[in-house]
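For reference, the structure is listed below as structure tokens.
The values are calculated or read from the model by the stated rules, or taken from the named source; none is laboratory data. A quick note: this is a predicted structure, and the numbers were derived from the prediction, not measured. Using ideal geometry, Cβ is built from the backbone for each residue, glycine included, and neighbour counts are taken over all protein chains shown. Just the protein is used for accessible areas: all its heavy atoms, side chains included, with ligands, DNA and RNA removed. Shrake-Rupley method; radii C 1.70, N 1.55, O 1.52, S 1.80 Å.
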Amino acid sequence: MPDSGTNTGIGASVRRKEDFRFLTGKGKYTDDLNRPGQAHAYFLLSPHARAKINGIDTNAAKQAPGVVDVFTAADLAADGVSGPICGWVVTQKNGEPHKSPAVSALASDRVNYVGEQVAIVVAETLAQAKDAAELIEVNYQPQPALIKMKDALANGAAQLHDDVPGNLCFDWEIGDKAATDAAFKKAHHVTKIDIHNNRLIPNAIEPRAAIGDYDSGMDMMTLYTTSQNPHVARLVLAAFMGLGPENKLRVVAPDVGGGFGSKIYVYRDEIVTLWAAKKLGRPVKWTAERSASFLTDAHGRDHDTHAELAVDKDGTFLGLRVSTLANVGAHNQIFSTATPSYLYGCLLAGQYRTPAVYGEVKTVFTNTAPVDAYRGAGRPEATFVVERLVEKTAKEMGIDRAELRRRNFIPPDQFPYQSPCLVQYDSGDFPHLLDRAMEVIDYAGFSARKQASAERGKLRGIGLSCWIEACGLAPSAVVGFLGGGVGQWESANIKFNPTGSVTLYTGSHSHGQGHETVFAQIISEHLGVPVESVEVVHGDTAVVPFGMGTYGSRSGPVGGGAVYKAAQKIVEKGRKIAAHLLEASVEDIEYAGGTYSVAGTDRTKTMAEIAFAAYVPHNYPLDVLEPGLDETAFFDPMNFTFPSGAYFAEVEVDPDTGVVTVLDMVGIDDVGTVMNPMIVAGQLHGGFAQGIGQALYEQCVYDENGQLLTGSLMDYCMPRADHFPSFRTEETNQPCPHNPLGVKGCGEAGAIGSPVAMLNAVIDAIGVNIDMPATPEKVWRALQSQAQAAE
Amino acid sequence: MNLSGEHRIEAPRDQVWAALNDPDILKQAIPGCEQIEKTSDTELTATVKAKVGPVSAKFSGVVRLSDLDPPHGYTISGEGKGGAAGFAKGGAKVRLEEDGAATILHYEVNAQVGGKLAQIGSRLIDGTARKLSGEFFDNFAAAVAGPQPTAEPEQPPVPAVTKKAGPGLPQAVWVTAVIIIVLALLAIFALK
């Protein structure tokens, strides 16, 4: 596929350029940075899930050794600084916008979750700041907390926010209710499920951090922070939080150790740290402790769903009905309304041609940490509903799980396919994905393997999920139509240096994905420069022209598309320079792999020669062409991308202990053109790890008073390498038809398709429906109750 | 958390009741108690210091009495603040039952902890509370009735959980210390 003749173009498993610094401890994360004269910040967090604040006495803390100052909500309000915002307006069933309570920059007259930031202490050292925080007297008046969604929605329940009646954020619907009701009337069989999508705590390896720095001479504020999207953070801080204007604000997101969605948002700690730096006239540094991350990072998932699938006697799907309660926690954040609505409801048709679908979602405020987008964001929840329902239908109707799916797949010749849930799928070959997955896992041989396990006293199960997602967020017009507050393009700026090397400035942000390698491969492919000669720069609003950041698997499809477009502009300008140097007409200049030639001759100029001529324009068409070889492009595609896949999980359960052992995990993915197979595999493996973590281990638990019981890595079980077999992944390389690189995105895929495949396998093994996570205790209890029922 | 149980004290009920209302005896009995003061007939303040490994911390709280029914029992409730470490609040019903020349003290504690105490320590609390109340009873019985020949051998002073908190985890040690102090207060709640 590479036309450059190099081995570093698109499709090559180029080793990650960034890994040298990461693996040798040379990465520069926010906490590694120090500014001259910096002070240290510590936030006092609420120990109560719901309480009125009748007063805060900071006098003793202000007198404590080393304390520079202590601030509360009143100080920020006086400067017109406000708190986190919601970035997406969801229109409810009744036509009204969702309820989005105003959020102050620090808790003012009440707290609504344990961990809510109440005060900031700035001191010479972190230890002094922490000691002084002990001296702050907050006069809390605790009130009963609303932790469960049904309690928050109950008639007469107390309100978290004065302006949100009934604690209902929105009541939203998608699809055709009348057509769906009609479909159910014709049903031969109706499968019903009530399922819970467990609440997760992200736990990126690097906790959130911020350094605020103010240059009074330039009147310039700088925020170094752990952001997935520094330009968006700058826009939000300037436009909504009163920390602008944008031209006087710089946001730098240096190396960032994982995000998974949790670092999209602008949090209170970051807002207040930046403000405090300006207020005090000296740099202020804050880094979250792991225990604070558990309390304050946006959590993920947390849906309760009732769903029904209507089928005819052959197993053809006639209609799907879904009703979901989604927890948004104490207040909205940037994507907390989009995630359980459009990012969820638009995927409820799955890979199937179910003609009638109706979904309704109520989102609920509770006295828990805010819930927002987390790797997959809505799409794992949709896949979970659809694929649990389909698997259960197969079981209830006695039809093989794969065969039932195959009967209902959207055929490959039906694309583009208009789903009943708003979106138009652009491409896919679902039967092929399933066929190949069945081959790789040896589906036919499963019963023999199950028998062999049984002979050893073990219960073996197999689970399937055939999933589709919409990602590559983009396109701006659609996002805007659906209520999104910003554009969804991406930008790229390619600067050739006079000596032939390239610096690429991208508005995407890499926090582990490997942009520095893959984007260099795009340059290598199209401009004929080896990847070693390409520097990829990202994460600094003062350096990169513009960008929308990294989330929703958008860097490849949208950010990569912008790199491609900028490269094409370079090629076209180079063609004019080459025509001049080669004394030929532009039409006669051919370009391939970094070399221009005059058609039918052996006269050539390399890209390096062109770049030199552009910057040293001694022989150059200055009358018609500007010097320099430096092009910027913005890319805004016409549709989302639609990766899809077929995943099999195979497990063995020890009936004596309830322990689930993952024996095999196979993923056949259509993520479009694969730019770097090694990196794609890595992304999928990471997604599997997180997905299996959700299915088997992870569970955020609040007690009835709103205290977080799973507040440390002792109590919140994260998956480990020894929980997994060697994952087996393959990609089909079917290009996306509407972006120039043909890529569909692979960052979220693994986490979307794997949880339900894994849970289906566990349920297949034990024969009892259970919810995630399938912990040994839950599995053991299910087996015991099954045994008792049989007696 | 909920903690209930009973303890036999080799002394008549009136003597036990009096001891339960005697700040000096309580001070001897509560592990790490530095100060205890009756501020009214129904209110008591206490300061308790606890040392765990290299860390020592001080905890103060207020206890209120209600449903007073001497010498049969009462209900107590209280709240303690541990600064940034969180809070503990709860109540207990205490009932004294005569058993010949001895007294059986029944207690039912219901306590709630919040903040870091709950986040880090929630699953350690029951065991630590049992251990601390055991220590309390041994001390209390000794103060009221003289040394008890049947007393259980004394447990190691540091609960098992603190072994996890090595020198590299000063905060965990500290939080554990606060949990223990809070639980010392809960023992107060249970007994006076």
### Query
Could you list, in sequence order, the residues of the stretch A:437-461 that are assigned to a helix (DSSP H, G or I), in contact (Cβ under 8 Å) with a residue 60 or more places away in the chain and not aliphatic (A, V, I, L, M)?
A:Tyr443, A:Phe446, A:Arg449, A:Ser453
### Message
With at pLDDT 95 or above, assigned to a helix (DSSP H, G or I) and open to solvent by less than 10 Å² (accessible area, probe 1.4 Å) as the only criterion, which of A:Leu464, A:Leu434 stands out?
### Response
A:Leu434
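What about A:Glu748, is it closer than 30 Å to A:Pro47 by Cα, under 21 Å from the mean Cα position of the chain (by Cα) and in contact (Cβ under 8 Å) with a residue 40 or more places away in the chain?
So A:Glu748 fails the test.
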### Query
For the stretch A:727-770, what are the residues that are touching a His at 6+ places or on another chain (Cβ under 9 Å) and in a loop (DSSP other than H, G, I, E, B)?
A:Phe727, A:Thr732, A:Gln734
### Message
So the check is Cβ under 6 Å with 6+ separation or different chains; which pairs have a first residue in the stretch A:86-103 that's under 21 Å from A:Ala239 (Cα atoms) and a second one that's open to solvent by 50 Å² or more (accessible area, probe 1.4 Å) and among the β-branched types (Val, Ile, Thr)?
### Response
A:Pro97/A:Val89
### Query
Taking into account only those residues within the stretch A:131-156 that are part of a helix (DSSP H, G or I), open to solvent by 50 Å² or more (accessible area, probe 1.4 Å) and modelled with pLDDT of 95 or more, which is farthest from A:Leu708 (Cα to Cα)?
A:Leu153
#### Entry: Failed condition for A:Met218, given (1) in contact with a strand residue (DSSP E or B) (Cβ under 8 Å, 6 or more places away or on another chain); (2) in a loop (DSSP other than H, G, I, E, B); (3) surrounded by fewer than 22 Cβ atoms within 10 Å (Cβ to Cβ)
(1)
### Query
So, in the stretch A:570-594, of the ones that are open to solvent by less than 50 Å² (accessible area, probe 1.4 Å) and of a type in the set (Val, Ile, Thr), which residue ends up farthest from A:Ala492 (Cα to Cα)?
A:Ile589
### Query
In the stretch A:631-638, is there at least one residue being in a loop (DSSP other than H, G, I, E, B) and either touching a helix residue (DSSP H, G or I) at 6+ places or on another chain (Cβ under 8 Å) or acidic (Asp, Glu) (or both)?
yes
### Message
Suppose we filter A:Phe335, A:Phe384, A:Phe365 for residues that are more than 30 Å from A:Ser46 (Cα to Cα) and in contact (Cβ under 8 Å) with a residue 40 or more places away in the chain; which single one remains?
### Response
A:Phe384
### Task
Have a look at A:Thr30, A:Thr58, A:Thr8 and point out the one that is of a type in the set (S, T, N, Q) and within 14 Å of another protein chain (Cβ to nearest Cβ).
A:Thr58
### Message
Here is a check on your reading of the model: is A:Phe365 outside the structural domain of A:Ala751 (by TED's automatic domain parsing) and crowded, with 24+ Cβ neighbours inside 10 Å?
### Response
yes
### Message
Considering only residues that are in a helix (DSSP H, G or I) and crowded, with 17+ Cβ neighbours inside 10 Å, which ones fall in the stretch A:407-431?
### Response
A:Asn408, A:Phe430, A:Pro431
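Find the residue count for the stretch A:93-151, including only residues that are among the acidic types (Asp, Glu) and more than 14 Å from chain B (Cβ to nearest Cβ).
Final tally of qualifying residues: 4.
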### Query
Quick check, is A:Leu684 away from chain B (no Cβ under 14 Å), modelled with pLDDT of 95 or more and farther than 25 Å from A:Pro380 by Cα?
no
### Query
So which residues in the stretch A:28-87 are among the polar types (S, T, N, Q), more than 36 Å from the chain's Cα centre (by Cα) and open to solvent by 40 Å² or more (accessible area, probe 1.4 Å), if there are any at all?
A:Asn54, A:Asn59, A:Gln63
### Query
Pick from the stretch A:517-536 the residues that are assigned to a helix (DSSP H, G or I) and of a type in the set (A, V, I, L, M): which of them is farthest from the chain's Cα centre (by Cα)?
A:Leu527
### Message
With the structure loaded, tell me whether A:Gly552 is at pLDDT below 95 and in contact with a Pro (Cβ under 8 Å, 6 or more places away or on another chain) or whether it fails that test.
### Response
no
### Matching residues, the stretch B:136-147, being assigned to a helix (DSSP H, G or I), open to solvent by 10 Å² or more (accessible area, probe 1.4 Å) and either modelled with pLDDT under 80 or within 22 Å of A:Ser46 (Cβ to Cβ) (or both)
B:Ala145
### Task
Answer yes or no as to whether A:Lys565 is surrounded by fewer than 24 Cβ atoms within 10 Å (Cβ to Cβ), within 21 Å of A:Val536 (Cα to Cα) and not hydrophobic (A, V, I, L, M, F, W, C).
yes
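Per-residue answers, yes or no, for (1) surrounded by 21 or more Cβ atoms within 10 Å (Cβ to Cβ); (2) assigned to a helix (DSSP H, G or I); (3) of a type outside the set (Val, Ile, Thr):
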residue	(1), (2), (3)
A:Ala158	no, no, yes
A:Asp162	no, no, yes
A:Phe184	no, yes, yes
A:Tyr224	yes, no, yes
A:Gly244	no, no, yes
### Query
Among the residues of the stretch A:537-565, how many are closer than 27 Å to A:Gly87 by Cβ and not in a loop (DSSP other than H, G, I, E, B)?
12
